[in-house]
Amino acid sequence: MTASDLVPVPIPDRVAVLIGSCMPAHVLNAEMEAVWAAREVGRFRGPLCTEDRADREHALAALARANKVLAAYNPGLTVRPDGAH
């Protein structure tokens, strides 16, 4: 079985809290920031005005900063701009 054959399964909140308690706080914050930034990047579609381009670039920069922290802890935690891990 390859990773592409796996179907994501939601995990219960208590399990997520248990997993999160084993990770440093700065990594958890970076993960939340990365997910937020990926959603923000996904909002911008089609031709963009100057202000929207600047907002998109700001979100991409936030995603890059968060991914730097995540990759240092575990490269598998990084988030792509399309929201995939």
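Numbers below:
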{"read-out": "FRET efficiency, ARG43 to ARG80 (Cβ-Cβ, R0 25 Å, nearest 0.05)", "value": "0.95"}
{"read-out": "Heavy-atom accessible area per residue - the chain, 1.4 Å, Å²", "value": "75 Å²"}
{"read-out": "From the coordinates shown, Rg and Dmax of the Cα atoms in Å corresponds to which of (i) 12.5, 39; (ii) 14.1, 40; (iii) 14.8, 45", "value": "(iii)"}
{"read-out": "Centre separation in Å (Cα based) which lies between segment 30-79 and segment 12-28", "value": "21 Å"}
{"read-out": "Share of carbon and sulfur in the accessible heavy-atom surface of the chain [1.4 Å probe, %]", "value": "60 percent"}
{"read-out": "Calculated FRET value between VAL35 and ARG14, using beta carbons and R₀ = 25 Å, to 0.05", "value": "0.80"}
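The values are calculated or read from the model by the stated rules, or taken from the named source; none is laboratory data. Nothing here was measured: the structure is a model prediction, and the numbers come from that model. Neighbour counts are summed over all protein chains in view; Cβ atoms, including those assigned to glycine, are modelled from backbone coordinates with ideal geometry. Just the protein is used for accessible areas: all its heavy atoms, side chains included, with ligands, DNA and RNA removed. Shrake-Rupley method; radii C 1.70, N 1.55, O 1.52, S 1.80 Å.
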